[in-house]
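The values are calculated or read from the model by the stated rules, or taken from the named source; none is laboratory data. Worth saying up front: this structure is predicted, and the values here are computed from it rather than measured. Cβ placement follows ideal geometry from the backbone for every residue including glycine, while neighbour counts extend to all protein chains displayed.
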Amino acid sequence: MNDRIARKLKMLPLSSGVYVMRNSNGTVIYVGKAKVLKNRVSQYFRNSPKPIKVQAMVDNIDDFEYFITASERDALALESNLIKKYQPHYNILLKDGKAFPYIAINMNEPFPKLQILRKVGKKGYKYFGPYFAGLNAGEIVKTANSAFGLRTCNNKITDTSRAKRECLNFFLGLCSAPCTKQVSREEYAQRLKKAINFLSGNDDEIEQVLTQKMKQAADNENFESALMYRDRLKMVEKLKQRVVANMPKDVDKDVFAYFSDGLNGVLTAMVVRGGKILGVMNYPTEDASIEEGQTMFNFLLQYYQNMIVPNEIVVSHTVDDEEMLFEQLGKKTKIITNPKGINLSLLKMAEANAKDYLEKHIEKEKIKFSNTFGALEKLQQTLGLPRLPMRMECYDISHISGTNKVASMVVFKAGESSKKDYRKFIIKTVKGSNDFASLQETLKRRLARLKSGDGESFKETPDLLVIDGGKGQLSSCQEILHESGLDIPMISLAKRIEEVFVPGQSEPILLKPHSAELKLLQRIRDEAHRFAITFHRQTRGKQQTHSLLEDIPGLGPKKAQALLTAFENVEQIKKASVEELMIVPGIHETLALEIYKHFRKEEE
């Protein structure tokens, strides 16, 4: 705790309000509300036991500010708005920001198809889900499509339009081909109704259809199709195993259980749709000292940002200010706080899951802390860094004999990879295999974007730059850093004996073998290397694919892309017959014959 924080703590009022914690970069890392600001904020800086992540947050606080509110309800509203605005690292329970998939049907279309969407709320759409880990929404869609012959294409199909020919799925018996009027709108609607019935929790009909198709394929000695239908039946069986005993098939609800050991806490979410448990997810909370009602309110607010609110929610603790929650969610729903019967059984199941998860989570967190924050603290001490390297960036170059030169920028935040912040560079100005110059170009472009504030990942200032290489690579990159006028710590990590080179020191630093800090540097270095090589292969592969197809007379870029979309790669195009090639939109008989002959000439 610095002097500035100590002075501010003495001046805190005995009022309700909201407090905002910032790190040394001025970034908001936590937002909280309090009935009494003085008591709540002071609690963070007392010498008392804290959960690992709360202690890590406190260690990272450089300053704080607060806002007095007229009431606790006003504080709740302000806190919610500030969390939405800043997305603070220590507030976000659903940290990956990933919305779970829904199966969606656009009922506005004359011939709707099943699709996977992660954003919900479109007018005229039916949604089924969400589907958590353990249930693959894509496989469920394939199961319904293969049973009922629903279309999978993106073509706009109307009552009057008609495609020239059916796609490959029609000939494989997987699509009813409404595009060529093989089925009427009424017949297709019946197929869709059966699929909706399946997605709503009724498995009997789809099981019968798939069993019949599997037997028919086997009788026709089409064993590949028979195996496919067998796998689809396995998916149906997997869904049947999730049925809740004594629950009607039309029941949809979410169940939330909060469990705490007084120091750490976890929220468990259980999704019940069509009488089946579609999934259970556990979310550790950062601070168990926050009241349960507030924790539940904050969680539900975040959880339903990307989820459909069901008509019934079962909770283990009363939610702070239900009316405000409904106002924020834009929907009023039934919240059950004293469940009975089947609701009580579901809640007990969720609570047991939460308790089991928390016990395992605490042990994992101790190891994780050692490998992340513990390693960052050791790096700061060993390298003499001005602050904890919460944002680390590592750069690497990849090429083959100077061709297709690319670079990678990998970002670690709080000791963990942040893939959304990764960036790729195609080297533009360097000729030949000059890694030093390639690194200089990459760093020059990255620092220019930092100064201009252009780009979401580029505008954040790194706490430490890591260069893959030795003293020479570090020296060349230091030149660019010096030219930029920016003051950012930089090191390089040489592979041979894992030497760490620091500017101004002639001898390298040798970190302890197998130490957490060395492993952290190795992780970010290896990740930069992997990312650069992957991008290089993609770049080289695109160039090779383009050159293989561009030699075929009459085959332009659009038709070449259509072929790649249909057959996935050049090898599959080579194996295709003339008839199979003609199924691809835009490939007429003459061109299909030309493509077929072109690849047969190569083989000769």
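Got a sec? Which of Val244, Val236 is under 36 Å from the mean Cα position of the chain (by Cα), surrounded by 19 or more Cβ atoms within 10 Å (Cβ to Cβ) and either modelled with pLDDT under 95 or β-branched (Val, Ile, Thr) (or both)?
Checking each option against the conditions leaves just Val236.
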Cβ contacts < 7 Å: first residue assigned by TED's automatic domain parsing to the domain that holds Val20 and buried (at least 20 other Cβ atoms within 10 Å of the Cβ), restricted to segment 43-62; second residue outside any helix (DSSP H, G or I) and among the β-branched types (Val, Ile, Thr), any location; separation 6+ or different chain. Result?
Met57/Ile29; Asn60/Ile29
Go through segment 209-226 and count every residue that is over 14 Å from Leu172 (Cα atoms), exposed (fewer than 14 other Cβ atoms within 10 Å of the Cβ) and either β-branched (Val, Ile, Thr) or within 36 Å of the chain's Cα centre (by Cα) (or both).
0
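Pick out the one residue from Leu465, Leu510 that is closer than 27 Å to Lys419 by Cβ and among the hydrophobic types (A, V, I, L, M, F, W, C).
Values: Leu510 fails: closer than 27 Å to Lys419 by Cβ.
Answer to the check: Leu465.
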Per the list (1) under 33 Å from the mean Cα position of the chain (by Cα); (2) buried (at least 18 other Cβ atoms within 10 Å of the Cβ); (3) not in a helix (DSSP H, G or I), residue check on Val183 breaks on (1)
With respect to Leu486, determine if the residue is in a loop (DSSP other than H, G, I, E, B) and more than 27 Å from the chain's Cα centre (by Cα).
yes
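For segment 398-426, give me the residue count where each residue is of a type in the set (Phe, Trp, Tyr) and in a loop (DSSP other than H, G, I, E, B). Working first, answer last.
Taking segment 398-426 as the starting set, the residues that turn out to be of a type in the set (Phe, Trp, Tyr) are 412, 422, 425.
Now drop any that are not in a loop (DSSP other than H, G, I, E, B), which leaves 422.
Residues flagged as of a type in the set (Phe, Trp, Tyr) and in a loop (DSSP other than H, G, I, E, B) within segment 398-426 amount to 1.
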Among (1) in contact (Cβ under 8 Å) with a residue 60 or more places away in the chain; (2) farther than 24 Å from Ala56 by Cβ; (3) among the aromatic types (Phe, Trp, Tyr), the one test that Tyr357 misses:
(2)
Give the residues of segment 353-370 that are surrounded by 16 or more Cβ atoms within 10 Å (Cβ to Cβ) and modelled with pLDDT of 90 or more, sorted by residue number.
Asn353, Ala354, Tyr357, Leu358
Which number in (1) over 20 Å from Asn108 (Cβ atoms); (2) within 29 Å of the chain's Cα centre (by Cα); (3) of a type in the set (A, V, I, L, M) marks the one condition that Leu168 misses?
(2)
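I need the full set of residues from segment 495-507 which are assigned to a loop (DSSP other than H, G, I, E, B) and either of a type in the set (A, V, I, L, M, F, W, C) or under 19 Å from Ile524 (Cα atoms) (or both), in order please.
Residues of segment 495-507 assigned to a loop (DSSP other than H, G, I, E, B): 495-498, 502-507.
Lys495, Arg496, Ile497, Glu498, Val502 - these are the residues of segment 495-507 that are assigned to a loop (DSSP other than H, G, I, E, B) and either of a type in the set (A, V, I, L, M, F, W, C) or under 19 Å from Ile524 (Cα atoms) (or both).
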Sort out for me the helices (runs of 4 or more DSSP H) sitting completely within segment 555-604 that have 2 or more residues that are under 24 Å from Lys156 (Cα atoms).
557-567, 578-582
Among the residues of segment 441-472, which ones are surrounded by 22 or more Cβ atoms within 10 Å (Cβ to Cβ), in a helix (DSSP H, G or I) and of a type outside the set (A, V, I, L, M, F, W, C)?
Thr442, Arg446
Checked pairs for segment 10-24, first under 12 Å from Asn39 (Cα atoms), second among the basic types (Lys, Arg), C-beta under 7 Å and 6 or more apart or across chains, list as Leu12/Lys38; Pro13/Lys38; Leu14/Lys38; Ser16/Lys35
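Which count do you get for residues in segment 1-33 that are assigned to a strand (DSSP E or B) and basic (Lys, Arg)?
Here is the first cut: in segment 1-33, the residues assigned to a strand (DSSP E or B) are 17-22, 28-33.
Next cut, basic (Lys, Arg) only: 22, 33.
Qualifying residue count, segment 1-33: 2.
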Among the residues in segment 271-286, are any exposed (fewer than 15 other Cβ atoms within 10 Å of the Cβ) and either on the phi < 0 side of the Ramachandran plot or over 23 Å from the mean Cα position of the chain (by Cα) (or both)?
no
Return the residues of segment 348-363 that are among the aliphatic types (A, V, I, L, M) and either outside any helix (DSSP H, G or I) or more than 10 Å from Gly265 (Cα to Cα) (or both); say none if nothing qualifies.
Met349, Ala350, Ala352
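Being of a type outside the set (A, V, I, L, M, F, W, C) and exposed (fewer than 13 other Cβ atoms within 10 Å of the Cβ) is the filter here, so list the residues in segment 480-504 that pass it. Reasoning before the result, please.
So the first thing to find is which residues in segment 480-504 are of a type outside the set (A, V, I, L, M, F, W, C), and the list is 482-485, 487, 489, 492, 495-496, 498-499, 503-504.
If the condition is that a residue be of a type outside the set (A, V, I, L, M, F, W, C) and exposed (fewer than 13 other Cβ atoms within 10 Å of the Cβ), then His482, Glu483, Gly485, Asp487, Arg496, Gly504 are the ones that fit.
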Which of the following residues is modelled with pLDDT of 90 or more, in contact with a Leu (Cβ under 9 Å, 6 or more places away or on another chain) and of a type outside the set (A, V, I, L, M, F, W, C): Lys38, Lys84?
Lys38
